[in-house]
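A.B. asks: Dumping the structure here so I can ask a few things about it.
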Amino acid sequence: MSQSLTLRRPDDWHLHLRDGSMLRAVLPETTRHFARAIIMPNLVPPVVTAADARAYRDRILAALPEGADFTPLMTLYLTEDTDPEDVAAAQASGLVHAVKLYPAGATTNSASGVRNFDKVRPVLEKMAEIGLPLCVHGEVTDADIDIFDREAVFIDRVLDPIRRATPGLRVVMEHITTSNAVDYASAQDDTLGATITTHHLVINRNHILAGGIKPHYYCLPVAKRETHRRALRRAATSGAARVFLGTDSAPHTDANKLLPCGCAGCFTAPNTLSILAQVFEEEGALHHLEAFTSLNGPAFYGLPPNEDTVTLTKTGATYPTQIATDDGPVTVFDPGFPLDWAVT
Ligand code: OTD
Ligand code: ZN
Ligand code: ZN
């Protein structure tokens with residue numbers, strides 16, 4: 001008899017769905033397995049106001065595959081002009097579940113992000129008051145800081161000062177990639193959560209750079225050395241309550257990935273659950289998979305876990321190497337090993 005594993009249906013606490021034809025092409029890859037997702041606001045132009053978020057939510061709902069049961073949890077892109085009252089109203093109406101902080105220039109479409117953190121203090125204070133989480137892309141952008149050090153430096157120079165200046169502010173350290181972030185997150189109280197992506201549990205920087213450059217493994221924050229990947233795997237599989245899945249699935253067409261200056265992002269939505277089951281099994285922690293994918297995230301965001309379930313069986317999984325879009329193919333993340341666990 002094949003082994004099987006039933007979990008409450010998972011949620012994705014950090015997802016890029018894009019817009020237009022790309023949205024229509026990639027949305028089914030998430031709705032097939034996930035019930036809800038925190039939707040990143042880094043469109044061009046970004047999702048800044050409650051009105052932008054409502055319109056974007058409507059476009060996502062209109063693009064849902066027939067019969068899909070999926071709730072997009074919208075976010076607002078924090079700018080130096082964000083109005084605290086607009087944010088509060090967007091939360092009160094149930095539309096918005098987090099505000100997203102991109103240091104200007106840190107990642108794809110982050111040019112409207114924050115340069116002067118004093119300018120966003122009133123928004124952060126309002127968010128602390130109303131309990132609305134701040135999702136943080138935690139990298140400094142200074143040209144003189146080595147790209148592999150940008151997360152660790154951000155924690156000391158930006159994140160910790162913001163949290164000290166705004167007591168009670170709920171913060172999600174998104175897509176953590178270093179043992180420094182794991183150590184910081186685990187030393188904090190329950191106002192701090194951390195997400196980990198699927199791909200950062202699988203690849204280290206050698207996968208990107210050794211034996212020829214692999215653009216499909218390039219994302220931001222960039223994968224670090226193996227010791228950091230080990231720390232992420234320990235944190236994800238530990239069952240610790242404030243650590244949960246945010247895939248950061250970030251589709252780009254191959255044409256945009258395979259350029260002299262290619263886009264950052266790994267597209268993991270189609271095979272994330274199969275990969276995670278394998279990672280957790282390798283770590284002897286299948287019994288903690290449900291906490292990571294389906295329980296810890298809702299608890300942090302103050303939402304009930306999903307009632308329905310998904311079942312994985314150890315019968316071998318297949319997945320497409322590419323998804324077709326009107327703009328050309330998008331390559332699916334290749335974990336580099338055959339997948340044992342299929343979502344049935
Ligand atoms: N990282 N790519 C993208 C966003 C993320 O930092 C992120 O959240 C993207 O393409 O939107 C990426 O590598
Ligand atoms: Zn980010
Ligand atoms: Zn992202």
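A.B. asks: Loop only by DSSP, 15 or fewer other Cβ within 10 Å of the Cβ. Give me the trypsin sites (Lys or Arg not before Pro) in region 196-237 that pass, ordered by residue number.
C.D. replies: Loop-located and lightly packed - Arg225.
A.B. asks: Points 7 angstrom from Cα along the Cβ direction at Thr309 and Ala89: gap in nanometres?
C.D. replies: Spacing of the two 7 Å Cα→Cβ label points: 4.4 nm.
A.B. asks: Now, a different point. Using the beta-carbon distance between Asp144 and Asp118 and R0 = 25 Å, what value does 1/(1 + (r/R0)^6) give for FRET efficiency, to the nearest 0.05?
C.D. replies: Taking R0 as 25 Å, the efficiency between Asp144 and Asp118 is 0.65.
A.B. asks: Moving to a separate point now. Measure off 7 Å from each Cα along the Cα-to-Cβ vector at Gln188 and Arg157, then give the distance between these two points in nanometres to one decimal.
C.D. replies: 1.9 nm
A.B. asks: Right, next: Under the definition of Cα pairs under 8 Å and six or more residues apart, what whole-number percent is the relative contact order of region 261-337?
C.D. replies: Here the relative contact order equals 36 percent.
A.B. asks: Using Cα pairs closer than 8 Å and at least 6 residues apart in sequence, work out the relative contact order for region 4-343, in percent.
C.D. replies: 19 percent
A.B. asks: In addition: If each DSSP helix of 4+ residues adds -39,500 (n - 2.57) and the sum is divided by the residues in the chain, what number results at 222 nm, nearest 500 deg cm²/dmol?
C.D. replies: Here the helix-only value at 222 nm equals -8000 deg cm²/dmol.
A.B. asks: Here's something else I'd like to know. With both partners inside the chain, how many of the DSSP beta bridges are antiparallel, as a percent to the nearest 5?
C.D. replies: Among the beta bridges of the chain, antiparallel pairing accounts for roughly 30 percent.
A.B. asks: I would also like to ask the following. Calculate, in nm to one decimal, what Gln322 and Ala241 gain on full extension: separation in residues at 0.36 nm each, minus their alpha carbon distance.
C.D. replies: 25.7 nm is the gain from fully extending Gln322 to Ala241.
A.B. asks: In addition: Kindly put Val136, Val222 in sequence by how many other C-beta atoms sit within 10 Å of each C-beta, fewest to most.
C.D. replies: Sorted ascending by nearby Cβ count, the order is Val222, Val136.
A.B. asks: Dipole magnitude of region 4-343 about its Cα centre, charges +1 at Lys/Arg Cβ and -1 at Asp/Glu Cβ only, in debye to the nearest 20?
C.D. replies: 360 debye
A.B. asks: Another question, then. Would you mind classifying the chain by shape? Square roots of the alpha carbon gyration tensor eigenvalues, ordered a ≥ b ≥ c; an a/c under 1.5 is rounded, otherwise it is prolate if a/b is larger than b/c and oblate if not.
C.D. replies: rounded
A.B. asks: Now for a separate question. So which lysines pass the test for Lys100, namely a Cα distance under 21 Å, with those fewer than 8 places away in the same chain ruled out?
C.D. replies: Partners within reach: Lys119, Lys126.
A.B. asks: Name the residues whose placed amide hydrogens come within less than 5 Å of the amide hydrogen of Val114, ignoring near sequence neighbours (fewer than 5 apart) on the same chain.
C.D. replies: Excluding prolines and chain starts, which carry no amide H, the hits are Tyr102, Ala104.
A.B. asks: Let me ask you something else. Tell me, Asp11, Asp81 in order of fewest to most beta-carbon neighbours within 10 Å?
C.D. replies: Asp81, Asp11
Each value in this text was obtained by applying a stated rule to the coordinates, not by laboratory testing. Just so it is clear, the model here is predicted, and its values are computed rather than measured. Note that each Cβ is placed from the backbone with ideal geometry, even for glycine, and that neighbours are counted across all protein chains shown.
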